[in-house]
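Trainee: Dropping the structure in here first, questions after.
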Amino acid sequence: QQQVKQSPQSLIVQKGGISIINCAYENTAFDYFPWYQQFPGKGPALLIAIRPDVSEKKEGRFTISFNKSAKQFSLHIMDSQPGDSATYFCAATTHGSSNTGKLIFGQGTTLQVKP
Amino acid sequence: DAGVIQSPRHEVTEMGQEVTLRCKPISGHDYLFWYRQTMMRGLELLIYFNNNVPIDDSGMPEDRFSAKMPNASFSTLKIQPSEPRDSAVYFCASSPLPGGPSGNTIYFGEGSWLTVV
């Protein structure tokens, strides 16, 4: 019930295309869903996050779509660029004081954007 | 801000040796996390601290692993004795108080790349 399942494992997209990464969770107590971006040799860095009281959040070319009833959320990268090539992790956590920050990560998606 | 600082960045050690990884969290962050990343298992939370106190160590794989946080600006993760299957990237991360401007954002260091031969 603590798992977050992420797909696909890898993704190749042409420059200018749309990259879509999907995640699903079981624990209905999760109330914070961030996406992290990791470049080779670096630690993951927060990209964008959403809470379940909204169905969509957009920041520049990055959009999270959230479906609470289906317990699914996805990351959309519009107009994908070669500089977006990285590994993307979805995550989930509860905001309660006893578990704050205890992120459960998906397995990661390696994105390659071809020029 | 200097970010989360980890050392060493790379370490190669022989099986059976003791390994100590070090971390300096971002000043003012009350939460500190140790994660391990491997190809097979992805990012796994090993242990995390709140105000220097271990809160959840359920992810620590076995007794060979131990972590300490003697003060707000320093933490160690120790593996003794080390085994080849411990080879991984170990990340330290820190986070401010919940409900603050940064919410639940966790800030990761650049990792310690451990190879046990």
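Taken together, the values in this text are just the output of simple stated rules run on the coordinates, not laboratory data. Quick caveat, the model's predicted, so the values are computed rather than measured. Note that we place each Cβ from the backbone using ideal geometry, even for glycine, and neighbour counts take in every protein chain shown.
Trainee: Starting from the Cα of residue A:15, draw a straight line to each of the lysines and keep only those under 19 Å, dropping any in the same chain fewer than 8 residues away.
Mentor: Of all the lysines, those that pass the test against residue A:15 - Cα under 19 Å, at least 8 places apart if same chain - are A:114.
Trainee: Report, ordered by chain and residue number, the lysines lying within cross-link reach of residue A:71, taken as a straight Cα distance under 22 Å and ignoring same-chain residues fewer than 8 apart.
Mentor: Within the straight-line limit of under 22 Å, residue A:71 reaches these lysines: A:5, A:57, A:58, A:102.
Trainee: Normalized C-alpha radius of gyration of segment A:1-58, against 2.2 N^0.38 Å?
Mentor: Values: Rg = 13.3 Å, N = 58, 2.2 N^0.38 = 10.3 Å.
Dividing the Cα Rg of segment A:1-58 by 2.2 N^0.38 Å gives 1.30.
Trainee: Quick one, what does Rg over Rh come out to for chain A if you take C-alpha atoms and the Kirkwood Rh?
Mentor: In chain A, Rg relative to Rh is 0.96.
Trainee: Continuing with this model, one more query. Which whole-angstrom value gives the distance between the alpha carbon centres of segment A:9-37 and segment B:72-93?
Mentor: 28
Trainee: Relative to the Cα centre, what is the charge dipole magnitude of chain B, using +1 at the beta carbon of each Lys and Arg, -1 at the beta carbon of each Asp and Glu, and rounding to the nearest 20 debye?
Mentor: Working: 9 positive and 13 negative charges, 32 e Å.
About 160 debye.
Trainee: Straight-line reach from residue B:78: which aspartates and glutamates have a Cα under 19 Å away, not including same-chain ones fewer than 8 places off?
Mentor: Straight-distance partners of residue B:78: B:11, B:14, B:18, B:44, B:56, B:57, B:62, B:63, B:86, B:110.
Trainee: Looking only at other chains, what is the average number of their beta-carbon atoms within 10 angstrom of each beta-carbon in A:36-46?
Mentor: Details: counts 4, 0, 5, 0, 0, 5, 4, 15, 9, 4, 7.
The shielding value for this peptide is 5.
Trainee: Can you tell me the dipole magnitude for the protein assembly as shown around its Cα centre, using point charges on the Cβ only (Lys, Arg +1; Asp, Glu -1), in Debye to the nearest 20?
Mentor: Working: 20 positive and 20 negative charges, 98 e Å.
Using only the charged Cβ atoms, the result is roughly 460 debye.
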